[in-house]
Amino acid sequence: MTATVITVTQPSKVIDGKMDASGASVEAAQPDASIVLQAAVLTGCGMAYQASLGMCMPLYADYAKTLGLANAGLVISGPYIARIALNLTVGSIADEMGRKPLLIGGCLVMAVGAFLTAYAASLWTMMAGRLLVGAGGAASDIAAQACRLDIVARYPARRGMLLGSAQALT
């Protein structure tokens, strides 16, 4: 004769289901004010970066007339080329150095690139500025995204709402 063992497992906590294994009510953790402020600042930085990339759009036609189509294409795509080249490397640096130095450094590099682009007297100076904008954007955006994920990890029950809100605004 053989005995059959049936194992019943219950979840230890169901946060949004409002009950744990004992049947007691469980409330989801609410983010405190400092976390909300950090998330708002990071989202604002992301919005500013996206706006700064879009601000150049009215100038693209002038670039094409004065620089030629091929050179204008290089100037326009410069930040994206730098970002593609640096995203994986910068992600590792964010894990090693921390988020804050990379976020601040990336913003500074992006600002230098923007000024260099604005005051460029030659195609190569403009291209260097655009590449710096992309490099700074890669650093600050990866660091900001890592910060967002660090914040969201503290509130697993609100993960989707927090990431969705940040993504909708940037």
Report task. Report yes if some residue within segment 69-82 is within 13 Å of the chain's Cα centre (by Cα) and open to solvent by 70 Å² or more (accessible area, probe 1.4 Å); otherwise report no. Result -> no
Report summary line: Counting only residues that are under 26 Å from Leu86 (Cβ atoms), open to solvent by 30 Å² or more (accessible area, probe 1.4 Å) and more than 9 Å from the chain's Cα centre (by Cα), segment 142-161 contains a total of 3
Report task. Could you look through segment 83-119, keep only residues that are β-branched (Val, Ile, Thr) and open to solvent by less than 40 Å² (accessible area, probe 1.4 Å), and pick out the one that is nearest to Met55 (Cα to Cα)? Result -> Thr117
Report summary line: Checked segment 45-68 for anything open to solvent by 80 Å² or more (accessible area, probe 1.4 Å) and either touching a His at 6+ places or on another chain (Cβ under 8 Å) or touching a residue at least 40 places away in the same chain (Cβ under 8 Å) (or both); matches are Met47, Gln50
Query raised in the report: Restricting the search to segment 120-140, which residues are surrounded by fewer than 15 Cβ atoms within 10 Å (Cβ to Cβ) and either closer than 17 Å to Gly44 by Cα or at pLDDT 90 or above (or both)?
Result: Trp124, Thr125
Query raised in the report: Does Ile35 count as farther than 14 Å from Asp141 by Cα, at pLDDT 75 or above and surrounded by 15 or more Cβ atoms within 10 Å (Cβ to Cβ)?
Result: no
Query - Selection status of Val152, within 20 Å of Cys45 (Cβ to Cβ), part of a helix (DSSP H, G or I) and modelled with pLDDT of 90 or more - result: no
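The values are calculated or read from the model by the stated rules, or taken from the named source; none is laboratory data. Since the structure is predicted, the reported quantities are computational estimates derived from the model, not experimental observations. Using ideal geometry, Cβ is built from the backbone for each residue, glycine included, and neighbour counts are taken over all protein chains shown. What goes into the accessible areas is simple: the full protein's heavy atoms, side chains included, and nothing from ligands, DNA or RNA. Shrake-Rupley method; radii C 1.70, N 1.55, O 1.52, S 1.80 Å.
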